[in-house]
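Please treat every number below as a calculation from the coordinates, not as lab data. Predicted, not measured: the structure shown is a model, and the values here were computed from it.
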Amino acid sequence: MDSLSLNARPRTETGRHVHHLRREGAVPAVIYGHKVAAQAIAVDAKEMERTWQHAGRTHLVDVHVEGQKGARKALIKDLQFHPRSGRMLHVDLFAVNLREKITSEVPVIVVGESPAVQLKLGQVQQVVSSLRVESLPADLPAQLTVDISGLTEVDQSVTIGEIELPKGVALVHADLGETVVKIAAVRVREELEAPEAAPEEGAEAPAAGGGEGGEGQESE
């Protein structure tokens, strides 16, 4: 992926004043990092959304702050969204040192097709959706992939220890024996009650509440 850039400006709006900032089409943000003082900034909302879609939490972004020389290499650390509208409310950007290792949560993506699934013997069940890894910022993978094309039978699985890691990437506090994805048996739902037999032609259907004392009979 090509390098991504994000333009920003220093901001003085804080607290309730950020509402005015959002009405103008900007998103309040803060950029901070190891041995770097936190700075309040503002970014264009549409530009920030595009950057988020391409970078996620694992791709480095060149942040250009107005009035400052050069760009800061940063990761999108956290975002806040409006619970109803889904509008982006705030962004945290983490400025990295390219020579220092960082830890980050990386998504786990299932690839390939399982023969067991193709034969409708089982279905894919993903147990682990992300893993925490450590690497230099430039080596941080966008995702980790798990190939299930070798899973030919029900109950076969891939564990964390079987995931192929890119060079320079290590797992953090992971149980290598833990299952990431497995082929679970397909359960067929059985009908508990047989369908009710249709009445023979010419036969009278029993009256509701039929039998002695049923509807239509006078009680003593």
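For the pair residue 149 and residue 105 in one chain, pulling the backbone fully straight at 0.36 nm per residue adds 13.3 nm over the alpha carbon distance. The phi-based Karplus calculation (6.51 cos²θ - 1.76 cosθ + 1.60; θ = phi - 60°) puts the 3J(HN,Hα) values of region 94-109 at 9, 6, 9, 9, 4, 9, 10, 6, 10, 10, 7, 8, 10, x, 9, 10 Hz, whole numbers, x for Gly and Pro. Length available on full extension from residue 120 to residue 186: 0.36 nm per residue minus the Cα-Cα distance, which gives 23.0 nm. Remark: the Cα gyration tensor places region 4-95 in the oblate category, a/c being 1.5 or greater and a/b not exceeding b/c. For the pair residue 32 and residue 134, the difference between a 0.36 nm per residue extended length and the Cα-Cα distance amounts to 34.8 nm.
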